[in-house]
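Asks: What follows is a structure written as structure tokens; I'll ask about it next.
The values are calculated or read from the model by the stated rules, or taken from the named source; none is laboratory data. Being a predicted model, the structure only gives us computed values, none of them experimental. Heads up, the Cβs are rebuilt from the backbone with ideal geometry, glycines too, and the neighbour counts pull from every protein chain shown.
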Amino acid sequence: MAEQLYNAVFIGSIYALFALGFALVFSVLDILNLAHPTVFMLGAFIALFVIGTLGLPWFVALPIAVLVTGLFGIALDRVAFAPLRRRGAPALSSMISSLAVTLIVVRLVELRYGGDFITFPAGTVPAFVFRVGDATFEGIRLAIVVLSVVLMLILTYVLRRTQLGRDLRALAENPRAARLLGVDVDRAIAATFFVSSALGGLAGVLLAFAYNTLDSRMGVPLELRAFTVMVVGGMGSLPGAVIGAYVLGLGEVASLVYLPTELRDAFAFGLLFLVLVLRPTGLLGQKSPDRV
Amino acid sequence: MDAVSDFLRTYSTTIAVIGVNALLALSVWLTLYAGQLTLGNAAFMGVGAYVSALLGRHLDTPFPVALLIGSVAAAALALPLGSIVFRLRGVYLAIATLAFGEIVRVVLLATPITGRGQGLNGIPPKTELWHIYLSVLVVAYVLWRVQGSTIGRAWAAIREDEIASASQGIAVGRHKLAAFVIGALIAGWAGGLSAHVTFSIDPSDFGFTKAVQVLVFAVVGGTPNVLGPILGAGLLTALPELLRPLKDYRDIFQGAILLLVIIYLPRGLVTFVDVRRTRRLSRIGALDVA
Amino acid sequence: MLLETVGLTKRFGGVTAVDRVDLGIVQGRALGLIGPNGAGKTTLVNLISGVVPADGGTIRLSGSDVSGLPAHRLAALGIARTFQGVRVFRGLTVEDNVLIGRHTRTRSDALARLIPRPRSAIDADRARALSLIDRVGIGRRRAEVLAGELPYGDQRRLEIARALASEPLLLILDEPAAGMNPTESAGLRALIGSLLVEGLTILLIEHDVRLVMDTCQRVAVLNFGRKIADAVPAEIQRDPVVREAYLGTEAVA
């Protein structure tokens, strides 16, 4: 029971990091970045490359992966979103362009690494367990939870107390007004994508370390859970995304007691549709309707 | 004549697949025409495929009836899904259909009667090429005629501006639902046809990759009229066949062309046919898919 | 009374945009709605036209309670409107815009169209659309022009033609004269006059106070969401409360 709770908190943390990146872009720019799962996968594979090909240790691979995926995020915006933004294209077009990027990047990774599951070289990540009573816990998961919480606190601080955070919130509220008020919109958008993708990439590396496996399609189940998390927490709400992530994590682990593993995904979807039907605005969401 | 029948025999599978893809592209085109992004038509295709194949196998249902039931089954799933989603903002449809697609995949993998991961094998090859192409013709014709009708204009209005549309008396949710459900109907039909041409089906045939592929056909081909999706399906199915050695790069090619099209030529390749109108739309900033 | 609102209220977060407004529009007359920027005029119109749901109060159309009905139902019942900051269908032609305006009165022809017929040179709906396009001053020669290609003033006129296409009972005009030069607003004045003669009822929101005073039999004034005056134009012009509301923003005379 305690082990299950532990795992639920761990997986909830991964979901939270991933979903935060997703929700950040949605709340600031009003677009659904369907290439976000790709940075999750990229983070893991960059770590694999640094460790496997460059032979560097995990604690070097981790920051490199995060940095590179952050930069990828900026590039993604330049290539797929910025041109559409410039001509005022609707959200639909951005979703399609991000899908296109996903197709390309996933295939490129598959061409290099194949589509099967890959494990890290032995001894990549220090694995340690600790026991409390007769329950066994994997230490790395605790480290991930702690890291996640710390990052979420840092993000909260940045958003509430720094100029950048104020700029982002202004941009989220009213882009035109933000520009008129002197917000450096381009810089703010670049920062948004950097942070969003870095968080996504980090989540990918951490999950890959924890499970010691990665594959080119690892982003897909996360994508669906991110949707559930965002809908449950309220589209565009960052604290909502965090709450939703842990709710989903706990719910999933709990449901595994009753459901066969094949239907594990079913919990996430069931929750998604339940919320869509009963309370589409989610727990904390309040996206305003179209301005008239 | 010999040369023709030789050609047909060699390439018959490809030609069949082009036709099926054209149907799928048309099904997605319809929802795009109403300004909505659906990623569920591969799943609807899967529903049509499995239902028609299973009916034929277990209940000996005559082929056309099985196709019809498969098609209606897909539409029957689209109806509640759409009803829930169209009360909400546009992005929710993309999310919901993506999730729906995964649900279908999971259900197919878990249900014994569908053969689970192995899928269904030995489906009798009941589909003839003319079945497929007649379907394409009929569907294209109907959609073309409907495009110029009050409903078609309503869809175009919704695509342009939902609030203004509602103020003209258009029941926006109902119209979006109609496009979505009809799209599912077409996709289900295509699935039934496809199952009886490829002999075997399994859940991975109807997943996310397929859904995106179909979207690529419609978007790259073009959205102003029904020729677009047909062109897109034809081009993007045939090209990789002709470029066999580059088969591995097919997804990259499709992704790249989708990206280029959506950014530089959002109404698709078919707009080359009417360059002037495209230029006019571009000047007034009304160029996009939606 | 063609349209009545009783205690109509709308809140956005902590702000009460429309505060218990009672309004009445007599059939065949024009009611002007004026007030400083942010007074709640457009929100009130959004409530009446069903674009935004009200938080309180009732709306009655020809005596029946239509509160809470969505925009498309109200359009079918006879309420048509234009938008502040034009919302024409930019990628569609002028003619298609007007045809869409007639949606509530057009029988669905999808099934009929499945049988190919030579397109009759002019059918009834198209004829009506073209004559409306003439009437508002755009001219049927430009029926195939894309709405987004029209100059701003013509786009406003197109919106009016589109609204008229449904043969509404009530026409709501939200700042139709914005961006119009004196010649154009004179044309607008004439149009409104002729529509009133035909028995149409009009609710006119405008900042061009002269236009309002000249065309409307009655004028209501909003400020901070509340109705502060409701009288004939001459009295409004003399009303000190109204003057004070406008102090520093515009002169009422």
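Asks: Of everything in the stretch A:73-99, what is in contact (Cβ under 8 Å) with a residue 12 or more places away in the chain, more than 18 Å from B:Gly255 (Cα to Cα) and within 7 Å of chain B (Cβ to nearest Cβ)? Give them in sequence order.
Replies: Hit for the stretch A:73-99 is A:Ala91, nothing else.
Asks: With respect to C:Ala71, determine if the residue is in the same structural domain as C:Arg226 (by TED's automatic domain parsing), surrounded by fewer than 24 Cβ atoms within 10 Å (Cβ to Cβ) and not polar (S, T, N, Q).
Replies: Working: in the same structural domain as C:Arg226 (by TED's automatic domain parsing): yes; surrounded by fewer than 24 Cβ atoms within 10 Å (Cβ to Cβ): no; not polar (S, T, N, Q): yes.
The answer is no for C:Ala71.
Asks: Somewhere in the stretch A:34-46, is a residue under 26 Å from B:Ala211 (Cβ atoms), at pLDDT 90 or above, assigned to a helix (DSSP H, G or I) and in contact with a strand residue (DSSP E or B) (Cβ under 6 Å, 6 or more places away or on another chain)? Even if it seems obvious, please write down each step before you answer.
Replies: Filtering the stretch A:34-46 for residues under 26 Å from B:Ala211 (Cβ atoms) gives A:34-45.
When the remaining residues are screened for being at pLDDT 90 or above, the result is A:34-45.
Filter once more, keeping what is assigned to a helix (DSSP H, G or I): A:36-45.
With the extra rule that they be in contact with a strand residue (DSSP E or B) (Cβ under 6 Å, 6 or more places away or on another chain), the set shrinks to A:44.
Yes, the conditions are met somewhere in the stretch A:34-46.
Asks: Of all residues being of a type in the set (Gly, Ala, Ser) and in a strand (DSSP E or B) in the stretch C:1-44, which is farthest from the chain's Cα centre (by Cα)? Just the residue, please.
Replies: At the first step, the residues of the stretch C:1-44 found to be of a type in the set (Gly, Ala, Ser) are C:7, C:13-14, C:17, C:24, C:28, C:30, C:32, C:35, C:38-40.
With in a strand (DSSP E or B) added as a condition, the list becomes C:7, C:17, C:24, C:30, C:32.
Values: C:Gly7: 21, C:Ala17: 19, C:Gly24: 15, C:Ala30: 11, C:Gly32: 11 Å.
Among them, the one singled out is C:Gly7.
Asks: Now, a different point. So, C:Ala161, is that one within 14 Å of C:Thr215 (Cβ to Cβ) and touching a helix residue (DSSP H, G or I) at 6+ places or on another chain (Cβ under 6 Å) or not? Please lay out each step first, then the result.
Replies: Details: within 14 Å of C:Thr215 (Cβ to Cβ): no; touching a helix residue (DSSP H, G or I) at 6+ places or on another chain (Cβ under 6 Å): yes.
Answer is no for this residue.
Asks: Would you call B:Ala53 without any contact (Cβ under 8 Å) to a residue 24 or more places away in the chain and part of a helix (DSSP H, G or I)? Steps first, answer last, please.
Replies: Numbers: without any contact (Cβ under 8 Å) to a residue 24 or more places away in the chain: no; part of a helix (DSSP H, G or I): yes.
In short, no.
Asks: In the set C:Leu191, C:Leu204, C:Leu164, which member is crowded, with 18+ Cβ neighbours inside 10 Å and within 18 Å of C:Asn37 (Cα to Cα)?
Replies: On the way: C:Leu191 fails: within 18 Å of C:Asn37 (Cα to Cα); C:Leu164 fails: within 18 Å of C:Asn37 (Cα to Cα).
Exactly one residue qualifies, and that residue is C:Leu204.
Asks: Taking the conditions exactly as written (facing chain B (nearest Cβ under 9 Å), assigned to a helix (DSSP H, G or I) and either without any contact (Cβ under 8 Å) to a residue 24 or more places away in the chain or surrounded by fewer than 19 Cβ atoms within 10 Å (Cβ to Cβ) (or both)), does C:Leu99 satisfy them or not?
Replies: Working: facing chain B (nearest Cβ under 9 Å): yes; assigned to a helix (DSSP H, G or I): yes; either without any contact (Cβ under 8 Å) to a residue 24 or more places away in the chain or surrounded by fewer than 19 Cβ atoms within 10 Å (Cβ to Cβ) (or both): no.
Considered against the rule, which asks whether it is facing chain B (nearest Cβ under 9 Å), assigned to a helix (DSSP H, G or I) and either without any contact (Cβ under 8 Å) to a residue 24 or more places away in the chain or surrounded by fewer than 19 Cβ atoms within 10 Å (Cβ to Cβ) (or both), C:Leu99 comes out as no.
Asks: Here's a follow-up. Specify which of the listed residues (A:Phe59, A:Phe45, A:Phe130) is without any contact (Cβ under 8 Å) to a residue 24 or more places away in the chain and touching a Phe, Trp or Tyr at 6+ places or on another chain (Cβ under 9 Å). Lay out the reasoning, then the answer.
Replies: Details: A:Phe59 fails: touching a Phe, Trp or Tyr at 6+ places or on another chain (Cβ under 9 Å); A:Phe45 fails: without any contact (Cβ under 8 Å) to a residue 24 or more places away in the chain.
Answer to the check: A:Phe130.
Asks: I would also like to ask the following. Can you tell me how many residues in the stretch B:110-149 are at pLDDT below 90, in contact with a helix residue (DSSP H, G or I) (Cβ under 8 Å, 6 or more places away or on another chain) and more than 10 Å from every other protein chain (Cβ to nearest Cβ)?
Replies: Qualifying residue count for the region: 10.
Asks: Here is a further query. Within the stretch B:252-286, take every residue that is within 7 Å of chain A (Cβ to nearest Cβ) and hydrophobic (A, V, I, L, M, F, W, C) and give me the one that is surrounded by the fewest Cβ atoms within 10 Å (Cβ to Cβ).
Replies: Once the filter is applied, the top-ranked residue is B:Ala256.
Asks: Somewhere in the stretch B:135-149, is a residue within 23 Å of B:Leu77 (Cα to Cα) and more than 19 Å from the chain's Cα centre (by Cα)?
Replies: No, there is no match, as no residue in the stretch B:135-149 is within 23 Å of B:Leu77 (Cα to Cα) and more than 19 Å from the chain's Cα centre (by Cα).
Every residue, every condition in (1) within 14 Å of another protein chain (Cβ to nearest Cβ); (2) at pLDDT below 90; (3) under 16 Å from the mean Cα position of the chain (by Cα); (4) over 30 Å from B:Arg116 (Cα atoms), yes or no:
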{"residue": "A:Ala188", "(1), (2), (3), (4)": "no, no, no, yes"}
{"residue": "A:Gly200", "(1), (2), (3), (4)": "no, no, yes, yes"}
{"residue": "A:Ile243", "(1), (2), (3), (4)": "no, no, yes, yes"}
{"residue": "A:Leu274", "(1), (2), (3), (4)": "yes, yes, no, no"}
{"residue": "A:Arg279", "(1), (2), (3), (4)": "yes, yes, no, yes"}
{"residue": "A:Leu284", "(1), (2), (3), (4)": "no, yes, no, yes"}
{"residue": "A:Ser288", "(1), (2), (3), (4)": "yes, yes, no, yes"}
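Asks: In addition: Counting residues that are of a type outside the set (A, V, I, L, M, F, W, C) and more than 30 Å from C:Arg107 (Cα to Cα), which strands (runs of 3 or more DSSP E) fully inside the stretch C:163-253 reach at least 2?
Replies: Working: elements: C:170-174, C:201-205, C:218-223, C:226-231.
Strands (runs of 3 or more DSSP E) meeting the threshold: C:218-223, C:226-231.
Asks: Being within 14 Å of another protein chain (Cβ to nearest Cβ), part of a helix (DSSP H, G or I) and closer than 20 Å to B:Ile182 by Cβ is true for just one of B:Ala94, B:Ala74. Which residue is that?
Replies: Values: B:Ala74 fails: within 14 Å of another protein chain (Cβ to nearest Cβ).
Sole residue among the options that is within 14 Å of another protein chain (Cβ to nearest Cβ), part of a helix (DSSP H, G or I) and closer than 20 Å to B:Ile182 by Cβ: B:Ala94.
Asks: Based on what the data block shows, is A:Val66 touching a helix residue (DSSP H, G or I) at 6+ places or on another chain (Cβ under 6 Å), in a helix (DSSP H, G or I) and over 14 Å from A:Gly201 (Cα atoms)?
Replies: no
Asks: Then there's this: Go through (1) farther than 27 Å from C:Asn46 by Cα; (2) at pLDDT 90 or above; (3) within 10 Å of another protein chain (Cβ to nearest Cβ) for B:Val212 and report which single condition fails.
Replies: (2)
Asks: For the stretch C:26-42, which positions are closer than 19 Å to C:Ala75 by Cβ and either touching a Cys at 6+ places or on another chain (Cβ under 9 Å) or surrounded by 24 or more Cβ atoms within 10 Å (Cβ to Cβ) (or both)?
Replies: none
Asks: Please identify the pairs in which a residue from the stretch C:53-80 that is among the β-branched types (Val, Ile, Thr) has its Cβ atom under 6 Å from the Cβ atom of a residue that is part of a strand (DSSP E or B) and crowded, with 19+ Cβ neighbours inside 10 Å, counting only partners at least 6 apart or on another chain.
Replies: C:Ile59/C:Thr5; C:Val66/C:Ile59; C:Ile79/C:Leu170
Asks: Which pairs have Cβ atoms under 7 Å, sit 6 or more apart or on different chains, and link a residue in the stretch A:2-19 that is of a type in the set (Phe, Trp, Tyr) to one that is at pLDDT below 90 and not in a helix (DSSP H, G or I)?
Replies: A:Tyr6/A:Phe137
Asks: Of all residues in the stretch C:45-88 being in a loop (DSSP other than H, G, I, E, B) and within 18 Å of B:Gly173 (Cα to Cα), which is farthest from the other protein chains (Cβ to nearest Cβ)?
Replies: Here is the first cut: in the stretch C:45-88, the ones in a loop (DSSP other than H, G, I, E, B) are C:49-55, C:62-63, C:66-70, C:78, C:82-88.
Those still in the list that are within 18 Å of B:Gly173 (Cα to Cα) too: C:49-53, C:68-70.
Numbers: C:Ser49: 6, C:Gly50: 8, C:Val51: 5, C:Val52: 7, C:Pro53: 10, C:Gly68: 15, C:Leu69: 11, C:Pro70: 7 Å.
Here the residue is C:Gly68.
Asks: Condition check: away from chain B (no Cβ under 12 Å), surrounded by fewer than 17 Cβ atoms within 10 Å (Cβ to Cβ) and out of contact with any His (no Cβ under 9 Å at 6 or more places or on another chain). Does C:Arg141 satisfy that?
Replies: Taking the combined requirement at face value, the residue satisfies it.
Asks: While we're looking at this one, here's another question. Among what's in the stretch B:150-171 and is more than 7 Å from chain C (Cβ to nearest Cβ) and within 20 Å of C:Arg81 (Cβ to Cβ), pick the residue that is surrounded by the most Cβ atoms within 10 Å (Cβ to Cβ).
Replies: The first filter runs over the stretch B:150-171 and keeps only residues more than 7 Å from chain C (Cβ to nearest Cβ), leaving B:152, B:155, B:158-159, B:162, B:165.
Now drop any that are not within 20 Å of C:Arg81 (Cβ to Cβ), which leaves B:158, B:162, B:165.
On the way: B:Ile158: 26, B:Glu162: 20, B:Ser165: 28.
If we take residues in the stretch B:150-171 being more than 7 Å from chain C (Cβ to nearest Cβ) and within 20 Å of C:Arg81 (Cβ to Cβ), then B:Ser165 is surrounded by the most Cβ atoms within 10 Å (Cβ to Cβ).
Asks: Please go through the stretch B:244-283 and pick out each residue that is closer than 23 Å to B:Asn225 by Cβ and of a type in the set (D, E, K, R).
Replies: Of everything in the stretch B:244-283, those that are closer than 23 Å to B:Asn225 by Cβ and of a type in the set (D, E, K, R) turn out to be B:Arg267, B:Asp274, B:Arg276, B:Arg277, B:Arg279, B:Arg280, B:Arg283.
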